[in-house]
Structures are given as C-alpha cells and as structure tokens.
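I have placed the structure first, in the form of structure tokens, so that the comments after it can refer back to it.
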Amino acid sequence: MLPENISHLTIRSATNDDCERVAKLVFGVLAEFGLEADPKTTDADLQDIEQITLNEGPVEVIEDRRANLLEASDSIPLTQQPAS
C-alpha cells in the first residue's frame with residue numbers, strides 16, 4: 001500500500017550509473033526466494049542497464065529523498081514476450 005503522500009519519492013529512468021545498486025537489489029530479492037544470482041550469465045544484463053532499455057524497454061527506479069533505491073523494474077512489450 002502506498003503512503004498518502006509520495007512526494008518524497010522519485011521515479012526516473014535508470015542509467016548505467018545505477019547498475020551496481022540495481023544488481024544488489026535484484027540479487028537480494030533472488031536470495032530471499034532461495035535463488036542464486038549468476039552475474040556472469042543469467043544476470044549479466046544488469047551490468048548494462050542502458051542496453052536493456054534499448055533492447056527490451058525502459059528500466060525505471062524509485063528512490064526516496066535520500067537517493068536510497070527502493071525499487072527497480074523493467075517492462076517488456078507484449079510483442080517481445082515469449083509464447084506460452
């Protein structure tokens with residue numbers, strides 16, 4: 001649930017300056033689910049967020065007023081999702 005006042009949050013496009021923080025966040029979430037991060041293969045794309053944006057769509061981050069990373073997400077257009 002979002003707080004009533006979210007003016008202290010910033011939503012912006014991620015850049016390669018965010019790679020390390022985004023990778024740390026993603027790897028932490030994977031660990032919470034008992035999954036192992038693999039920065040050499042499966043998760044290698046996190047080393048070049050700007051390339052993800054070019055290939056798949058924008059990567060967005062949400063930060064608080066102290067620039068703490070709260071969330072990172074990307075969107076893949078329906079036309080690029082694998083068939084089920």
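Sort the following peptides by mean Cβ neighbour count (other Cβ atoms within 10 Å, averaged over residues), highest first: 16-26, 57-67.
Working: 16-26: 15.8, 57-67: 13.8.
Output ranking for 16-26, 57-67: 16-26, 57-67.
The residues neighbouring P39, those whose beta-carbon lies less than 13 Å from its own, together hold a net charge of -4 under the Lys/Arg +1, Asp/Glu -1 convention.
Coordinate-derived values only; no laboratory data. Note that this is a predicted model, so its numbers are computed, not measured. As a convention, Cβ positions derive from the backbone with ideal geometry for all residues, glycine included, and neighbour counts pool all protein chains shown.
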